[in-house]
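A.B. asks: Would you mind keeping the following structure in view while I ask a few things?
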Amino acid sequence: MPDYHVLPAQRLTGAVRVTRPVPPKSVTLTSPALDVMTDLRHIHAAVIELHMTMESANTYMIQRGIRSLLVLDQDQALNGLITATDILGEKPLRFIQERRMKHNEILVSDIMTPLDRLEAIPIEEIHHARVGDVIASLLDTGRQHTLVMENDTDGKPAVCGIFSLTQIEKQLGTSIPSTEVAKTFTEIETTLMH
């Protein structure tokens with residue numbers, strides 16, 4: 001058995017502060033895209049399994065303070081993406097009406113966006129992209145999230161990052177107008193600069 005030692009500790013007295021996490025790096029539209037990417041090579045991905053309930057997915061997102069989860073099958077392979085919008089939007093209501101199910105019976109697999117409807121940007125594109133390029137891409141697809149892909153050590157595709165419009169807005173310190181409000185990137189840029 002290893003020889004473990006008791007670590008020295010000290011009694012707390014006086015004014016003791018609690019360290020707060022460093023806020024996300026402030027960015028501009030011309031900052032490198034990597035500055036706003038959740039890099040799954042350094043941070044564990046927020047995942048859920050196909051068979052879990054929609055309500056458990058929502059609870060998990062609230063606990064983690066996030067708005068999307070990667071959906072994995074029993075072999076830990078990506079099967080889709082579920083977002084807070086999927087859970088809180090019209091999808092569950094339509095599903096309840098079509099299938100005559102109760103709200104708490106809806107599974108992640110029932111309302112997620114399946115793998116074959118997801119797109120990913122190759123990491124090589126991200127190395128030269130700017131934050132504005134990511135925003136333009138998200139607005140073009142009408143999505144809140146997009147995935148970033150690379151080939152793993154076996155040469156197989158793997159998700160290595162995620163862009164979230166909500167996270168980008170936090171780092172920019174402003175909201176991004178939707179595509180209905182701003183039709184061109186020039187309009188978006190104008191709105192963000194004011």
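A.B. asks: Give me a count of the residues in the range 109-122 that are more than 16 Å from the chain's Cα centre (by Cα) and surrounded by 11 or more Cβ atoms within 10 Å (Cβ to Cβ). Can you show your working first?
C.D. replies: Of the residues in the range 109-122, the ones more than 16 Å from the chain's Cα centre (by Cα) are 109-111, 116-117, 122.
Next, only the ones that are surrounded by 11 or more Cβ atoms within 10 Å (Cβ to Cβ) stay: 109-111, 122.
Matching residues across the range 109-122 total 4.
A.B. asks: Of the residues that sit in the range 142-194 and are part of a helix (DSSP H, G or I), hydrophobic (A, V, I, L, M, F, W, C) and at pLDDT 80 or above, which one is nearest to MET37 (Cα to Cα)?
C.D. replies: Quick first cut of the range 142-194, residues part of a helix (DSSP H, G or I) only: 165-172, 185-193.
From what is left, the residues that are hydrophobic (A, V, I, L, M, F, W, C) are 165, 168, 172, 185, 188, 192-193.
Checking which are at pLDDT 80 or above leaves us with 165, 168, 172.
Details: LEU165: 10, ILE168: 8, LEU172: 13 Å.
Here the residue is ILE168.
A.B. asks: Still on this structure, please answer the following. How many residues are touching a Leu at 6+ places or on another chain (Cβ under 9 Å) and open to solvent by 30 Å² or more (accessible area, probe 1.4 Å) if we restrict to the range 46-58?
C.D. replies: 7
A.B. asks: Restricting the search to the range 20-45, which residues are modelled with pLDDT under 85 and either surrounded by 14 or more Cβ atoms within 10 Å (Cβ to Cβ) or of a type outside the set (Lys, Arg) (or both)?
C.D. replies: Residues satisfying the conditions are PRO21, VAL22, PRO23, PRO24, SER26.
The values are calculated or read from the model by the stated rules, or taken from the named source; none is laboratory data. All of these numbers come straight from a predicted model, not from anything done at the bench. All Cβ positions, even for glycine, are placed from backbone atoms using ideal geometry, and neighbour counts span all protein chains on display. Only protein heavy atoms, including side chains, enter the accessible area calculation; ligands, DNA and RNA are left aside. Shrake-Rupley method; radii C 1.70, N 1.55, O 1.52, S 1.80 Å.
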